[in-house]
Structure formats: C-alpha cells, structure tokens
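Okay, structure first, notes after.
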There are 2 protein chains.
Amino acid sequence: MTSIACPGFQAAGVHAGLKNNGAKDLGLIFSDVPAHVAGVFTTNRVKAAPVLLDMERVKTGRCRAILVNSRNANCCTGDRGMQDALAMGRAVSEALGLDENDVLVASTGVIGTPLPIEKIESAVPDLARSLTPQGFMDCSRAIMTTDTVPKLVHRQGALDGKNFHVTGLAKGSGMIAPNMATMLCFVCTDIQAEPVILRSMLLKSVQNSLNSIIIDGDTSTNDTTLVLANGLSGISLADSGCPQAFQTVLDEVLITLARELVRDAEGATKMVKVSVKGAMTPEDARAVAETVANSPLVKTAIFGEDANWGRIAAATGRAGILMDPGSLDIFFDDVQMVSNGLSCGAQTESAATAVLKQAEFSITIDLNAGSEEASVLTCDFSIDYVKINADYRS
Amino acid sequence: MTSIACPGFQAAGVHAGLKNNGAKDLGLIFSDVPAHVAGVFTTNRVKAAPVLLDMERVKTGRCRAILVNSRNANCCTGDRGMQDALAMGRAVSEALGLDENDVLVASTGVIGTPLPIEKIESAVPDLARSLTPQGFMDCSRAIMTTDTVPKLVHRQGALDGKNFHVTGLAKGSGMIAPNMATMLCFVCTDIQAEPVILRSMLLKSVQNSLNSIIIDGDTSTNDTTLVLANGLSGISLADSGCPQAFQTVLDEVLITLARELVRDAEGATKMVKVSVKGAMTPEDARAVAETVANSPLVKTAIFGEDANWGRIAAATGRAGILMDPGSLDIFFDDVQMVSNGLSCGAQTESAATAVLKQAEFSITIDLNAGSEEASVLTCDFSIDYVKINADYRS
C-alpha cells in the first residue's frame, strides 16, 4: 500500500469529456464495505442539485461511493439538474452493484449550464473498472478546476494499540471563499465511528480548517465536505479510551488541506495568518479576523508587500464590534508596528517590510480588551486573481 | 458669478507642501455670514482626529469655514493628532478672525503618520487671502488623492418665487467603500434652514447617494459629509410651503457626486447599477444589492465583460436573507438571462454580452417574493485597482 491509500477504500479518475483539454474530469471514491458518513454543506441559499441530494442521503449515515465531476457545477439547473444528479448516482450503483441511496455525488465548475450527463454516464463503467487503492491521486486530479496542483493528504494515527488511517483530498479555494463556486473535500478513514460521532468530529475539525480560510469572501453554491469511515482498522471510537487521538489526526488532515487550498488560491502569491488576540468574546475575535482577511485594501497591500497597517486598523474598526482604537496593537510576525493605536515609529518600517517579503507570515491584532482569540488563513489579492476571474467561463 | 459659485460662499485651494508633486493639497471653504451646519460621519470605530473634532463642533449647528488637507488622514495619530486638528482650526480662526469653534477641519490620505502641521499653518494665511466665490474648483483639486478628476456640482432651484443654489464637492470613492481611507463631501447652499432640518434632509439625501455606492467595501476612518446653509437666498425651509423642492435639489447634487465618485473609482472601467426588486423587506433588498455589488467574483466578471449570472445567483444566495432560488430572475439591462432560477438559454448570451460591453449598465435581480426594492451603484474590479492599491503609500 502506498502512503496515500486508506485500507478498504479505492479511488479513480478519468477524462469523461467535460474538460476541453483532455484532462481528468470525473472522479470516484469507493469503500469496499459499507461505511458511515457525515457531511457539511454550503450555507448558501442557492444550493446545487448534488448538494441537495447529498443533504438528504447523508441522513441515513451510510455511504459506499462518491462520484464527482469538475467543469460543471450542476447548479441553477432546476428539475433537470436534480434528474442529472440522480442519474450520476444511478450510473455508479449500476456499475458497482450498490444501493442507489448509498451513492453520493458532487459537482464543481460553471453555474447555470445543464450537465452533459450522457458523457458522465458513458464514462462511469470504465471509471468503476479503474478503481484501485492507489487511485486517490487520479481522483484528486479529476476534481481540479483552477487549482494548479492536486491536494491530497494522508496521515496515520494509533489508538488502543492499533493503527488507523485518514486520507483526504480537496479542491477549490475555501469554505467561505471559493473563487470559482466550489470547494470540495472528501475524507476516507478506516476508523469505526457512528455517524453522529463522525459528524460532531467533522464539524469541529472543519471550524478550524476549511471554515477558517478566506480567499475572496464569496461562498459557493456547491461546497461539500464528506467523511467516510469504514471501520476496517478495528478501532471503535465509541469504545476507545481516547477518541481525541482520532480528532487530532482529522484536524491535521483538514488543516493541511486548508493550507494547501490557500497556498494554491487563484493568483495568490502570499499566505497570511490573521490572528486576533485580546478580544472580549470569541465572536468579536472572529469578526475582526474575517473583516481584515476579507479587506481588498489589506489584501492588495499584502500583494504590494506594503506594511500599510492603517488599512488593518481601518478594517478592524469596521468589523462591527465595540473596540477602543487607543488600545490597538498590530504586529507583522514579531515586528510590532502599532502600540496603543499609534505607530511605533518609522524605524519599524524596514523590519516590517522584510516580513512582508516572505511567502508566509502572520498579522497579529491585539485588541487588549479581553482574553479571547481567533485566527483566519488568507492570501493576497493579486493582478492574476483579477485576470483569472475576469474570463473564467471562456 | 460663474455657475459653480453659491452666493455668500468663497473657496480656495493651494499647495502647502504635503503632496510631493507641487499639486494643490490644502483647501478652504468660507461662508461670508454665519451658516448653519449638519454633518454625517464614518461609522468606523477607528475615527480620525478631524472627524472626532467635527462631530463635537457640529453640535452647535454653526459653521463659518472648513479647512481640508489631502495626502495625510491624521488618523491613528493619538493626542498629537487631536492637537494638530485643533491647530488647523486655530490657524483659520486667526487668519479670518473667526471663533475657533466655528471652524471645521477634514483630512484625507495615509493613516498613521503625524500631520506636517507647520506646513499647513504656514500656508493658511495665503490660502485665506486667495478665497473667492470662484474658488470651488481649486478647493476640489486640493482634496484629490487618487481621484483623476475633481468632482464639483452646482444646481439651482426655485422656491416661493426665489432662487436658491447648492454647490457640492467631493473626493474619494464612497461612503461604504473608500479605497483610500477617505470620502469627503462638502455642500454649500444659500437656503435658510435650522440645523435639525438640515440634518434630516442631509441624512435622507445621503442614504440614496453616498450611502448607496460601493467600490471595495472598505469603510473609511475619515468619511465626512458636511452641508452649510447660510440663508442668503432669503428662502426659509421652515416657512416654505414646499421644502421638498430643496430636498430634490440636494438629492440631485449628492447623487451626481456619488455617480462621479463611482465613475472615477480606482481602476474602474464600468459603472453598474445593481437593482433588487420583489424583496419581502427593504432590508432584504438592500442586503442582496450590497452583497452582489461587493462580490469580487461578480466585479471581476464585469471587468471581463462576462455575463456570468451564476456568480450573481451565488452572491444573492449568500446575502443572508430567506429566498427561493427557483423564483429568481436576473437581467442585464433589458436582457433577461435567468427566469425562475433557470438560464433563459444560450441565445441570450450574446445579447447580454453586448450589454456588458457598455461603460454603464444595470443588473436587475427580481426575487419575486414581495414588492420592496433597493439599488446600489458599483464598479468593476480591475487589474488597475490592484496595481493602484498595492503600492499606495509609496
């Protein structure tokens, strides 16, 4: 078994003819045995057909396979869209001899264009035949859109003297920020967990990973994160003395994928952690972190490697929280540029500029009002972001 | 009197040495007689010293002069910032023999750098000597920062058989969107109005003009809008049978200035009206209009002249309102691309693309859920926006 595989799972990716350049565009994940499943989905009121279908199907807590296509989001496609989502599931159930309700589907790409369902239906038998335990990389490639690299992570953990595995793959640019209308993430593990426990752990992991990255603030219609647990490790979370060990590994997989999404964000040249400390409430801390991470002025200044802390102060001030501007401290990595709301002097400028020249750094905002904190991972706003998104459909 | 003047007001603009290129950077507006004043200011918790000073001084309802500098926002400058704002007012009161409390001040530019107050103090006597009724254009130029053209509007109205005048000037890029930490707007009129009436009318006018434009969603620390009324027309709003006639002209001046701000927004190539109809509440309509107008994905698609209505649907869905995606209609000018949440077909694509090639057009979103509506003026998100803001301080 290679390091990306997860016992009892197989995956594959093929070219079904949706992408024009011959690249892989249809992926499949399969569990050899019935697996438990939990999912989190976009909060957008406009939800793609596959999202609506999966939200129903995950209620059973059971899943055997996930079929995913790129290039077309199957969103704003009405009744036909739902028929096509059902047809995707049916194609897999027929090819693999599964109950239709045990198949989940996902789509990513352009909104509002009907899915070329016949291309998908024709490709599924071949896709099913090419399933292998080593197929996760092919599947990762098949779900890429503007991604420049596939995102695939594997981790092992140990619990009660046995090993377990977690393999995760993702595409897109973030749960609260998908540039192109879709963040998809699928996680396979051989842990044994009831759906309700799986869901609670997934929600916790997502909050500090996929829900804490911001590319452009646009929430997708297709965001889907699914975790499948097939139990083959023989480790049962319900019976284990330390289920936290699994949570830690799941956290690590999702945080790593989240970081990879930000690093590969459209046009991004910098990855920046925005940390807020000293807030009165966790909500205050989060509001400031998100407002700063979303500010086009802050993000263009980062692109320009300009330590323009005034924009950070201004974004903090419009975050909708009670705050005292005279208590504000701002740091770039360890370089403090603002103390009690005032510049620490022109001599800090060159040190701060050196920090901004790095590919990765942190911005820390201390409100000095309490002890709560939050952080968000973001990227800069570059000329290439505009270029990529000005003609995405063409 | 030229068409830009307002009876009983004088203005001027000079180079005080704040801008490096010799351009005007210090402006003054003066009322020959005591005027009433009303103001609206930024909602940002981080407020520049001149904003804090003006918020106090407008409470008297009286004003004789406004001194404005560009290039430096006098924000996040602590006690010294307030001392400098007071010194700006004092310089004018001494030069013109006014009560210090009757002088308002405003600043725009970079945040966090102390004001070179001695340059301003040295320039004020000369500035005061150059006041003329025709000086509004010079004053408009003096408050420009990344603006490429001065924004100056004059309108006349008639009420009770007499004429009145309204002259307004502005700089920056919007009340809820100043790209560079400042939107300033000053309006002079010879109407006679009590401060409380003036304020109520100003709030009403601002709501549909300066508060309904979005460039980049960043709220400034220095936003200030002031209206001065010196009463020299002999028309008293309190005694008039039709004060609405004044409101109409004030609306027109502020809406015209707001349009000019959007047209001259940093890097903008398009001006787009985002109209939302059929909402259940006015707040719902406004939330959708603002979310769509703020979406980087929508704004980059506009820059790319791409009728990517899926991004508009997705932004609508994340606006935080209850909505039925299946009721959504979307138009570009008169071209309907979406009906009941579905594409009107590929044949509408070329007509919609033709609309997007125009410099000005509208996007209409009909929620078909009620009868409330709202609109917001916005612009595209261009490569030049990123270029301008990546190195603003240098």
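None of the figures in this text is laboratory data; all of them are computed from the coordinates on show. These numbers were taken from a predicted model, which means no experiment stands behind them. Neighbour counts are summed over all protein chains in view; Cβ atoms, including those assigned to glycine, are modelled from backbone coordinates with ideal geometry.
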Relative counts (whole %) of C-alpha pair distances in region B:60-185, using bins that are 5 Å wide:
2, 10, 18, 20, 21, 16, 8, 3, 2, 1, 0
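Can you tally the net charge around residue B:6? Count Lys and Arg as +1, Asp and Glu as -1, for every other residue whose Cβ sits under 13 Å from the Cβ of residue B:6. Don't skip to the end; give the middle numbers.
Values: positive: B:155; negative: B:32, B:190.
Cβ neighbours under 13 Å give a net charge of -1.
For region B:251-304, what is the convex hull (Cα atoms) projected area averaged across all directions, in square nanometres? Can you show the working numbers first?
On the way: hull surface 18.1 nm².
With the hull built on Cα positions only, its mean projection is 4.5 nm².
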Magnitude of the Cβ-charge dipole of the protein assembly as shown, K/R +1 and D/E -1, about the Cα centre, nearest 20 debye?
500
Farthest towards the positive end of the dipole of region A:9-263, among A:148, A:184, A:41 and with Cβ unit charges of +1 on Lys and Arg and -1 on Asp and Glu, lies the Cα of A:148
Net charge, residue A:331 excluded, C-beta distance under 11 Å - Lys, Arg +1, Asp, Glu -1:
-3
Which whole number gives the average, over all residues in B:38-47, of C-beta atoms from other chains lying within 10 Å of the residue C-beta?
4
Lys and Arg at +1, Asp and Glu at -1: add these up for the other residues within a Cβ distance under 13 Å of residue A:212 and post the number.
+1
Answer with one residue from A:336, A:296, A:92: the one whose Cα lies farthest towards the positive end of the charge dipole of chain A, charges on Cβ with Lys, Arg +1 and Asp, Glu -1.
A:92
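Is any helix in chain B, taking whole DSSP H runs, at least 20 angstrom long along its axis by alpha carbon and on average at least 0.0 on the Kyte-Doolittle scale, and which ones?
What comes out of the filter, once short or polar helices are dropped, is B:244-263.
To the nearest 20 debye, what charge dipole does region B:271-390 have about its Cα centre, counting +1 at the Cβ of each Lys and Arg and -1 at the Cβ of each Asp and Glu? Please report the intermediate quantities before stating the final value.
On the way: 8 positive and 16 negative charges, 64 e Å.
Its charge dipole is roughly 300 debye.
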Shielding by other protein chains, B:378-389, mean Cβ within 10 Å
5
Skipping prolines and chain starts, which residues have an amide H placed within reach, meaning under 5 Å, of the one on residue A:362, given they are 5 or more residues away or on another chain?
A:273, A:333
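With a/c under 1.5 counting as rounded, go ahead and sort region B:232-332 into rounded, prolate or oblate using the C-alpha gyration tensor (a ≥ b ≥ c being the square roots of the eigenvalues; past the cut-off, prolate if a/b is larger than b/c, else oblate). Walk me through the numbers before you get to the answer.
Details: a/c = 3.71, a/b = 1.74, b/c = 2.13.
Taking the square roots of the gyration eigenvalues as a ≥ b ≥ c, region B:232-332 is oblate.
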What's the magnitude of the charge dipole for chain A around its Cα centre, counting Lys and Arg as +1 and Asp and Glu as -1 at the beta-carbon? Answer in Debye, nearest 20.
620
How about residue B:357: which aspartates and glutamates have a C-alpha closer than 15 Å to its C-alpha, ignoring those fewer than 8 places off in the same chain?
A:391, B:305, B:306, B:333, B:334, B:349, B:380
Provide, as a two-decimal number, the C-alpha radius of gyration of region A:1-127 over 2.2 N^0.38 Å, N being how many residues it has.
1.01
Square roots of 5 times each gyration tensor eigenvalue, C-alpha, the protein assembly as shown, largest first, Å:
55, 29, 20
Quick check on chain B: take the gyration tensor over C-alpha atoms, sort the square-rooted eigenvalues as a ≥ b ≥ c, and tell me if it's rounded (a/c under 1.5), prolate or oblate.
prolate
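Rounded to the nearest 500, what is the protein assembly as shown's calculated 222 nm mean residue ellipticity when only DSSP H runs of at least 4 contribute -39500 (n - 2.57) each, over all residues?
Numbers: 22 runs with 255 residues, N = 788.
Helix contribution divided over all residues of the protein assembly as shown: -10000 deg cm²/dmol.
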Select from A:69, A:50, A:3 the residue farthest towards the positive end of the dipole of region A:1-74; place +1 on Cβ of Lys and Arg, -1 on Cβ of Asp and Glu, and compute about the Cα centre.
A:50
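Which of the three applies to region B:271-390, rounded, prolate or oblate, going by the alpha-carbon gyration tensor with a ≥ b ≥ c and a/c under 1.5 meaning rounded?
Oblate, because a/c is 1.5 or more while a/b does not exceed b/c.
Averaged across the residues of B:315-327, what count of C-beta atoms belonging to other chains lies within 10 Å of each residue's C-beta? List each step's numbers first, then the result.
Working: counts 5, 3, 11, 11, 3, 2, 1, 1, 2, 2, 9, 4, 0.
Average neighbour count from other chains, rounded to a whole number: 4.
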Hey, what do the phi angles of region B:101-110 turn into as Karplus ³J(HN,Hα) couplings, whole Hz, using 6.51/-1.76/1.60 and θ = phi - 60°, x for Gly and Pro?
6, 8, 10, 9, 9, 8, 9, 8, x, 6
